[in-house]
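Contents: one structure, followed by commentary.
The values are calculated or read from the model by the stated rules, or taken from the named source; none is laboratory data. Note that this is a predicted model, so its numbers are computed, not measured. We place every Cβ from the backbone using ideal geometry, glycine too, and count neighbours over all the protein chains shown. To get the accessible areas, we keep the full protein, side chains included, count just its heavy atoms, and leave off ligands, DNA and RNA. Shrake-Rupley method; radii C 1.70, N 1.55, O 1.52, S 1.80 Å.
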Amino acid sequence: MRILKLTPRIEKSLLARRARQDIEAQSVAGEIVADVRKRGDAALFAWTKKLDDTNLARGGVWISKKEIRAAERQVSSEFVNAVQRAAKNVRRVAEKQLPRAWSCETEPGVRISQRVTPIEAIGCYIPGGHFSLVSTLVMTAVPAQVAGVPRIVAVCPKANAAYLAAAHVLGITELARIGGAQAIAALAYGTKSIPRVEKIFGPGNKYVTAAKQIVSGDCAIDLPAGPTEAIVLAAEGKASWIAADLLAQAEHAKDAGSFFVTTSRDLARQVQREVLWQLSELPFGMAHSSSKLAGAILVADSLEYACEFVNRFAPEHLSLPENSAELLRKIHSAGTIFIGPWGAQPLGDYATGSNHVLPTGGWARKRGGLSTADFVKCVSVQTISRNGFRRLAGTVETLAESEGLLAHRNAVRIRL
């Protein structure tokens, strides 16, 4: 992991690199989405065979109860307990996040209320490379359940026993063995095998991300989810713990960006040595590539500038292991923030209850991570009596006339 002096030029380069659109991914995803939208199952089956080597015609789109029962026998009781505990914590947070119904009178005779209703059908995209991401199923399905979503569909290209057993623990029964851009298109537009959903949740690779953006004009999506990002911001601390957090996020993908931002060149060198040593102890994988190609150790002249950089970068994950109270006051853009030296980032990835589906690519400047509010619709209801109408009629006539909307004015005046 390189040590770089954090300068405006370096910052500009990092932000520009992250902002680049992957034209190739957009093109490939666009072709797949258009094909599935046009040909339905025929295209879904063909792309799944070509890209995932899965024969849906032979094995079926949907995972059977028999397969799920077999998967349950393959996992340990410790695994089941871990899923239950993680789900319990996610559920507890999700219940706090759920928007509430309310009612208020803005004028005598004018009552505005809010109804909170769940989205009717949602799709959970679960990445499935070497391992199916059980944690993403928990993070997307549990808030949907708390919100009261009637239909929850989970899709995963390589469903392993752990994933299937976790789905059973959570009570998710609609599980499709599809993935990639073709799965996103099937969820968004529907096929003979896959009924369409109203909104798609969950992260994926660059083709999945591109597909979600393409279909977002027709089917709602949770948020753009690009490569994983992590920043640890500290002028002091335990180098081995800092390095471990950086590598934990770096192992997600070869373009995952992990950065240590500090004002201490000595600590920067310690963390660099720790990163190299810990990599040597890990099996060769994504962390070896991404820490070299996409990550860096950035030495700033001051904590003030370091905090300004963090806010402009708006990372998905941010750790403040030391002097966290002082630093937290200066941070206003991050997907999630870990406070103190014991806040190991993987705790949030799995089990604290805070959701791990988080904004990347600077989106944390505009929104937070996934919450139960993303699974519901807040509908305003307006109840107006004759008295309320008469009190507001003159105000509305005046404003409608100022905008030249005479039919608006007439809809009020005709009732007088």
- Query: Among the listed residues GLN84, GLN74, which satisfies the condition of being part of a helix (DSSP H, G or I), open to solvent by 30 Å² or more (accessible area, probe 1.4 Å), in contact with a helix residue (DSSP H, G or I) (Cβ under 7 Å, 6 or more places away or on another chain) and in contact (Cβ under 8 Å) with a residue 40 or more places away in the chain?
  - Reply: GLN84
- Query: Is it fair to say ASP266 is out of contact with any Gly (no Cβ under 9 Å at 6 or more places or on another chain) and either surrounded by fewer than 19 Cβ atoms within 10 Å (Cβ to Cβ) or assigned to a loop (DSSP other than H, G, I, E, B) (or both)?
  - Reply: yes
- Message: Can you tell me how many residues within the range 171-184 are of a type outside the set (S, T, N, Q) and surrounded by fewer than 21 Cβ atoms within 10 Å (Cβ to Cβ)?
- Response: 2
- Query: Of the residues ALA296, ALA268, which single one is small (Gly, Ala, Ser) and under 17 Å from LYS238 (Cα atoms)?
  - Reply: ALA268
- Task: All but one of (1) over 22 Å from GLN213 (Cα atoms); (2) surrounded by 15 or more Cβ atoms within 10 Å (Cβ to Cβ) hold for GLY40, so report the exception by its number.
- Result: (1)
- Pairs, please: C-beta under 6 Å, at least 6 apart or cross-chain, first residue under 14 Å from ALA183 (Cα atoms) and in the range 53-67, second surrounded by 13 or more Cβ atoms within 10 Å (Cβ to Cβ) and of a type in the set (A, V, I, L, M)? VAL61/ALA176; TRP62/ALA176
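Looking only at the range 191-217, count how many residues are open to solvent by less than 40 Å² (accessible area, probe 1.4 Å), closer than 22 Å to GLU229 by Cα and basic (Lys, Arg). Reasoning before the result, please.
First, pick out the residues of the range 191-217 that are open to solvent by less than 40 Å² (accessible area, probe 1.4 Å): 191, 193-194, 197, 199-204, 208-212, 215.
Filter once more, keeping what is closer than 22 Å to GLU229 by Cα: 200-204, 208-212.
Adding the requirement that they be basic (Lys, Arg) leaves 212.
Residues flagged as open to solvent by less than 40 Å² (accessible area, probe 1.4 Å), closer than 22 Å to GLU229 by Cα and basic (Lys, Arg) within the range 191-217 amount to 1.
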- When you scan the range 113-134, how many residues do you find that are part of a strand (DSSP E or B) and modelled with pLDDT under 95? 2
- Task: Name the strands (runs of 3 or more DSSP E) wholly inside the range 160-255 in which the number of residues that are touching a Leu at 6+ places or on another chain (Cβ under 8 Å) is 2 or more.
- Result: 199-201, 229-233
- For the range 297-325, enumerate the residues that are of a type in the set (A, V, I, L, M), on the phi < 0 side of the Ramachandran plot and outside any helix (DSSP H, G or I). ILE297, LEU298, VAL299, ALA300, LEU318, LEU320
- May I ask you to list the residues in the range 298-317 that are out of contact with any Ser or Thr (no Cβ under 7 Å at 6 or more places or on another chain) and under 24 Å from PRO359 (Cβ atoms)? LEU298, TYR305, CYS307, GLU308, PHE309, VAL310, ARG312, PHE313, PRO315
- Message: Given the criteria in contact with a Pro (Cβ under 6 Å, 6 or more places away or on another chain), at pLDDT below 95 and among the acidic types (Asp, Glu), does ASP52 qualify?
- Response: yes
- Task: Check ALA57 against each of (1) modelled with pLDDT of 95 or more; (2) in a helix (DSSP H, G or I); (3) in contact with a helix residue (DSSP H, G or I) (Cβ under 8 Å, 6 or more places away or on another chain); (4) open to solvent by 60 Å² or more (accessible area, probe 1.4 Å) and name the one condition it does not meet.
- Result: (1)
- free of Cβ contacts under 8 Å to residues at least 40 places away in the same chain, buried (at least 24 other Cβ atoms within 10 Å of the Cβ) and among the β-branched types (Val, Ile, Thr): does that describe VAL155? yes
- Note on the structure: Only unsatisfied item for PRO157, checking (1) at pLDDT 95 or above; (2) touching a helix residue (DSSP H, G or I) at 6+ places or on another chain (Cβ under 9 Å), is (1)
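Of a type in the set (A, V, I, L, M), over 30 Å from CYS124 (Cβ atoms), at pLDDT 95 or above and surrounded by 15 or more Cβ atoms within 10 Å (Cβ to Cβ) - does that describe any residue in the range 398-408?
Of all residues in the range 398-408, those of a type in the set (A, V, I, L, M) come to 399-400, 405-407.
Applying the additional criterion that residues be over 30 Å from CYS124 (Cβ atoms) yields 399-400, 405-407.
If we keep only those that are at pLDDT 95 or above as well, we get 399-400, 405-407.
When the remaining residues are screened for being surrounded by 15 or more Cβ atoms within 10 Å (Cβ to Cβ), the result is 400.
Scanning the range 398-408 turns up at least one residue that is of a type in the set (A, V, I, L, M), over 30 Å from CYS124 (Cβ atoms), at pLDDT 95 or above and surrounded by 15 or more Cβ atoms within 10 Å (Cβ to Cβ).
For residues that are of a type outside the set (D, E, K, R) and exposed (fewer than 11 other Cβ atoms within 10 Å of the Cβ), tally how many sit in the range 278-293. Walk me through how you get there before you give the answer.
Within the range 278-293, the first condition is being of a type outside the set (D, E, K, R), and the residues that meet it are 278-280, 282-291, 293.
From what's left, exposed (fewer than 11 other Cβ atoms within 10 Å of the Cβ): 280, 283-284.
Counting residues in the range 278-293 that are of a type outside the set (D, E, K, R) and exposed (fewer than 11 other Cβ atoms within 10 Å of the Cβ) gives 3.
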- Query: Checking LYS254 against (1) open to solvent by 10 Å² or more (accessible area, probe 1.4 Å); (2) free of Cβ contacts under 8 Å to residues at least 60 places away in the same chain; (3) in contact with an Asp or Glu (Cβ under 9 Å, 6 or more places away or on another chain), which test does it fail?
  - Reply: (3)
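Which residue out of TRP363, TRP342 is closer than 26 Å to ALA82 by Cα, open to solvent by 60 Å² or more (accessible area, probe 1.4 Å) and not basic (Lys, Arg)? Spell out how you get there, then give the answer.
Working: TRP363 fails: closer than 26 Å to ALA82 by Cα.
Of TRP363, TRP342, the one residue that is closer than 26 Å to ALA82 by Cα, open to solvent by 60 Å² or more (accessible area, probe 1.4 Å) and not basic (Lys, Arg) is TRP342.
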